[in-house]
There are 2 protein chains.
Amino acid sequence: MAVYTDVSPAELEAFLSGYDVGTLTSFHGIAEGVENSNFLVQTTRGSYILTLYEKRVNRDDLPFFIGLMEHLAARGLSCPQPVAQRSGAVLSEIAGRPAAMVTFLPGVSVRRPTAEHCAELGRGLARLHLAGADFALARANNLSVAGWRPLFEAADGQADGVAPGLAAAIAAELATLEASWPKGLPAGVIHADLFPDNAFFLDEKLSGIIDFYFACTDFLAYDVAVCLNAWCFEPDGAYNVTKGRALLSGYEAVRPLSDKEKAALPRLARGAALRFLLTRLVDWLNVPEGALVRPKDPLEYLRKLRFHQAVDSAQDYGLAA
Amino acid sequence: MAVYTDVSPAELEAFLSGYDVGTLTSFHGIAEGVENSNFLVQTTRGSYILTLYEKRVNRDDLPFFIGLMEHLAARGLSCPQPVAQRSGAVLSEIAGRPAAMVTFLPGVSVRRPTAEHCAELGRGLARLHLAGADFALARANNLSVAGWRPLFEAADGQADGVAPGLAAAIAAELATLEASWPKGLPAGVIHADLFPDNAFFLDEKLSGIIDFYFACTDFLAYDVAVCLNAWCFEPDGAYNVTKGRALLSGYEAVRPLSDKEKAALPRLARGAALRFLLTRLVDWLNVPEGALVRPKDPLEYLRKLRFHQAVDSAQDYGLAA
């Protein structure tokens, strides 16, 4: 939950006067988003989400994120659509923060996705990849293989305090992946954080994808690997191959994977597991004073990593042979 | 800001199946309410606020609060209207908490009320008092004069750590008010916490009153005194008699004050100031570990109390002579 910055009604009304969105009828801080402050703004014209970008978001990245949402929405992908001011500008400022307003997307995220949700998600992810193919901007993935060692160093020898042997397990995996990370796979815009809380469903159909603030340019199949990690494991840690099959066949129905991508999938899945293990570990070790947010368990991703290390081929994830 | 209890989409859908409100289209925890967890729930039928009553709310009081909102809404007051389940019951349970769903009220609260807002508020408060006159249930005001000494004792000798001399100032005022608290004034349902954040406006008109969780049975003029404290002081601590005049004349246009109520107003205003001074003091001394909420400054109400102590008559508040 997060509303880091307070916005007064008067400030908001002044801000909205720059937009052609009617007059304010209600606004509520919403308890969502770890990086930014979010408000649900309702006007005589409709509902919007106002996001204030807090300091963890690099301002230089905002044109990429906002441009990407515009680009994807223009291509029919259901995602938040940035609202332009009368001046034409999309990025604005309120309460001393860079801010943007996007359309409100109906839909409800699922906590326990079914195989059908996974199939929908796979199709949606592939549509996102296709829709992003001609997006002009690029943004390096600073949480891919080159970014993992600095994260590990940020944990500063404290990993074994979280679980005995964790530091050695990470060090070994890091060395393996640095030496063998796939090269030359099809690349483009990826979401990079498409967890169930960033996907909305209505009547069991994917109704929208939100939170593009980790989006970047990277291997498309890495995004698939992130989703296998995020959608296809059960709470007890077991991989659910039925869900994996549904996700992968949903994806391939829209964008078939190349042989090279299929071969790389186990390694990409290990990398995705290590990425979330590392960021969760760093968050775990750095809970800010006074935080109400309980950090997510890094060890969930150690268990997933162990699974991927034992995988022989993409067929083990449920990929059609 | 507060969302104390997490609700999963699946839990919410099961909960909503007991209501005739259509199907869920979105829900968001909202960062409002100090005592309870609140969610904005949107369905194919409309928008609702789902409130989970956390432990600071006495469950035995819930029928009073919910019955009052039903009663007032049925009499045309714009306030949240509890939504009944198919069974007819209004109080339900979700995530192990007592819970109720009320209609969503459009409107925006003001931070810096103008005199016109104060006039609107005064009229609305009087309408609330008239609409509540035939409400059958009663609830003692446990934050009136009999409740103040226990609060002072809860501060446990720590008041002077907040401001030198504060303990003596409170002790003296407490003794004065205990000995001279008005008796026999017209009583009925009062809101008891009608601060600007609990009043919504649209186009400068009062569009709704929310948060009835301090409502109780007490002197109606005490509610007026609470509002004078909450609406008519400037940020620099000065009493704004123009706003006071607007609030009081707005109130009297709907429900004229009796001579006895007018005479009691300065004393009631002192009591209201002491009440918020004491509760804020206790909150100040008991910030829960990990709280994101910065407690409100108790000394704001010491300054207001000083003003009231110097008041000679209700005319000093702007009451028409």
Per-residue mean of other chain beta-carbon atoms within 10 angstrom of the beta-carbon, peptide A:23-29?
6
Peptide-level mean, for B:5-16, of C-beta atoms on other protein chains within 10 Å:
2
Would you mind putting A:103-113, B:136-146 in packing order, based on average other-beta-carbon counts within 10 Å, highest first?
A:103-113, B:136-146
Would you please give the FRET efficiency between B:V287 and A:N286, computed as 1/(1 + (r/R0)^6) with r the Cβ-Cβ distance and R0 = 25 Å, to the nearest 0.05?
0.65
Charged-residue dipole, Cβ positions (Lys, Arg, Asp, Glu), chain A about Cα centre, Debye nearest 20:
580 debye
Quick one: pull the percent of accessible area on chain B belonging to carbon and sulfur, 1.4 Å probe, ligands and nucleic acids left out.
52 percent
Using only Cα atoms and rounding to the nearest 10 degrees, what angle (0 to 90) does helix A:299-309 make with the longest principal axis of chain A?
50 degrees
q = 0.05, 0.06, 0.07, 0.08 Å⁻¹: log10 I(q)/I(0) that the Debye formula gives for the protein assembly as shown, counting C-alpha atoms only:
-0.29, -0.41, -0.54, -0.69
Taking H placed 1.01 Å from N in the peptide plane, check which residues at least 5 places from A:F104 or on another chain put their amide H under 5 Å from its amide H.
A:S47, A:Y48, A:I49
On average, how much accessible surface per residue is there in the range A:9-103, in Å², for a 1.4 Å probe, leaving out ligands, DNA and RNA?
40 Å²
Am I reading the B/A interface right? What is its buried accessible area, both sides, 1.4 Å probe, to the nearest 100 Å²?
2400 Å²
What is the helix-to-structure angle for A:145-154, meaning the angle in degrees between its Cα long axis and the longest Cα principal axis of chain A, kept from 0 to 90 and rounded to the nearest 10?
80 degrees
Out of B:S8, B:A73, B:N38 - ranked by how far each Cα lies towards the positive end of the dipole of the range B:1-89, with unit charges on the beta-carbon of charged residues - the top one is B:A73
Above-threshold pairs, the threshold being 22 Å between Cα atoms, out of B:K205/B:K243; A:K183/A:K262; B:K243/B:K304; A:K205/A:K262; B:K183/B:K262
A:K205/A:K262
Distances from B:R149 to the same position in the other copies: list them in nm, one decimal, shortest first, using label points 7 Å from Cα along Cα→Cβ.
7.2
Taking +1 at the Cβ of each Lys and Arg and -1 at the Cβ of each Asp and Glu, which of B:S26, B:P82, B:W231 sits farthest along the dipole of chain B towards its positive end, judged by Cα position relative to the Cα centre?
B:W231
Scan around A:F233 for amide H atoms under 5 Å from its own, H built in the peptide plane at 1.01 Å from N, and keep only partners 5 or more places away or cross-chain.
A:N240
Highest mean first, what order results for B:37-44, B:163-170, A:115-122, B:271-278 on Cβ atoms within 10 Å?
B:271-278, A:115-122, B:37-44, B:163-170
Cα gyration tensor shape for the range B:85-138, rounded if a/c is under 1.5, else prolate or oblate:
oblate
Which cross-chain or sequence-distant (5 or more) residues have an amide H under 5 Å from the amide H of B:C216, H modelled 1.01 Å from N in plane?
B:I190
Of the residues A:G271, A:L281, B:S207, the Cα lying farthest along the dipole of the protein assembly as shown towards its positive end, which is defined by charges on the beta carbon of Lys, Arg, Asp and Glu, belongs to B:S207
Can you compute the charge dipole magnitude of the protein assembly as shown about its Cα centre, using +1 on each Lys and Arg Cβ and -1 on each Asp and Glu Cβ, nothing else charged? Give it in debye, rounded to the nearest 20.
480 debye
Just how large is the dipole of the range B:9-103 about the Cα centre, in debye to the nearest 20, putting +1 at every Lys and Arg Cβ and -1 at every Asp and Glu Cβ?
120 debye
Heavy atoms only, 1.4 Å probe, whole protein assembly: order B:W181, A:W284 by accessible area, highest first.
A:W284, B:W181
What average count of beta carbons from other chains do you get within 10 Å of the Cβ of residues in A:231-239?
0
Roughly what angle does helix A:241-254 make with the longest principal axis of chain A, taking Cα atoms, 0 to 90 degrees, to the nearest 10?
60 degrees
Distances in nm from A:A238 to the matching label points in the other copies, shortest first (labels 7 Å along Cα to Cβ)
7.3
Rounded to whole angstrom, the alpha-carbon centroid of the range A:142-192 lies from that of the range B:247-321 at a distance of 59 Å
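The values are calculated or read from the model by the stated rules, or taken from the named source; none is laboratory data. Since we're looking at a predicted model, the values are computed, not measured. Cβ sites come from the backbone with ideal geometry, for glycine too, and all protein chains shown count toward neighbours. Keep in mind that these areas ignore ligands, DNA and RNA; they rest on the heavy atoms of the full protein, side chains included. Shrake-Rupley method; radii C 1.70, N 1.55, O 1.52, S 1.80 Å.
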